[in-house]
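Each remark here refers to the structure printed beneath this line.
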Amino acid sequence: VIDYKTGKPPATTTAALMKNDLLQLPLYARAVEQVLLSGERVVAGSIGYWRPTGPDKRGYKQVAVLAVEGQPSSEWQQLQTWIANRVGQLVLAARNGEFPMMSADQQCTSRCAYHTICRVIKPARARK
């Protein structure tokens, strides 16, 4: 599963995905396995970012190996557990009306097209 980026990719390791609460790639991979490959004897092989543009066209950066010899890797099993727990927490919070304005990534505005109007960074700095 490849996520194309025009700017710098946000994370390049499984640990960084989990630390920074970056659900996009693992959720895409889970959807591919459960929807597109359902009933098939195939599993997604890896997840990563592709940066085809910019002055330093970096190409593909693998973030996690999802399968080894056709079987889910321990890294993918760890990510799946994290995804299930984290999505459950987010759903519960939303059901309780909790929508905190925060980001675990202190550099999030460096990649975001809306950084000039973003209010996330102000509360994060105030918490320090």
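Quick look at the values:
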{"item": "Contour excess over end-to-end distance, with Cα ends at Arg86 and His115 and 0.36 nm allotted per residue", "result": "7.9 nm"}
{"item": "25 °C / 0.890 mPa s Stokes-Einstein diffusion coefficient of region 1-64, Kirkwood radius on C-alpha pairs, µm²/s", "result": "196 µm²/s"}
{"item": "Rounded percent of accessible protein surface that carbon and sulfur make up, the chain, 1.4 Å probe", "result": "54 percent"}
{"item": "Dipole magnitude (debye, nearest 20) for the chain, charges at Cβ of Lys, Arg, Asp, Glu", "result": "720 debye"}
{"item": "FRET efficiency for Met101 and Ser74, using Cβ-Cβ distance with R0 set to 30 Å, rounded to 0.05", "result": "0.30"}
{"item": "Of (1) 14.4; (2) 16.4; (3) 16.0, the label for Kirkwood radius over Cα pairs in Å derived from the coordinates", "result": "(2)"}
{"item": "Rounded tilt (10° steps) of 74-95 against the dominant C-alpha axis of the chain", "result": "40 degrees"}
{"item": "Whole-number accessible area per residue in Å² for the chain, which is evaluated in the context of all protein chains at 1.4 Å", "result": "68 Å²"}
{"item": "For Ala67, distant residues with modelled amide H under 5 Å away", "result": "Ser73"}
{"item": "Area of Arg51 that stays accessible when all protein chains are in place (1.4 Å probe, Å², to 10)", "result": "40 Å²"}
{"item": "Residue (of Ala44, Val65, Pro100) at the positive-pole extreme of the chain, dipole from beta-carbon charges", "result": "Pro100"}
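The values are calculated or read from the model by the stated rules, or taken from the named source; none is laboratory data. All figures in this text were calculated on a predicted structure; none of them were measured in a lab. We place every Cβ from the backbone using ideal geometry, glycine too, and count neighbours over all the protein chains shown. Accessible surface areas use protein heavy atoms only, side chains included; no ligands, DNA or RNA. Shrake-Rupley method; radii C 1.70, N 1.55, O 1.52, S 1.80 Å.
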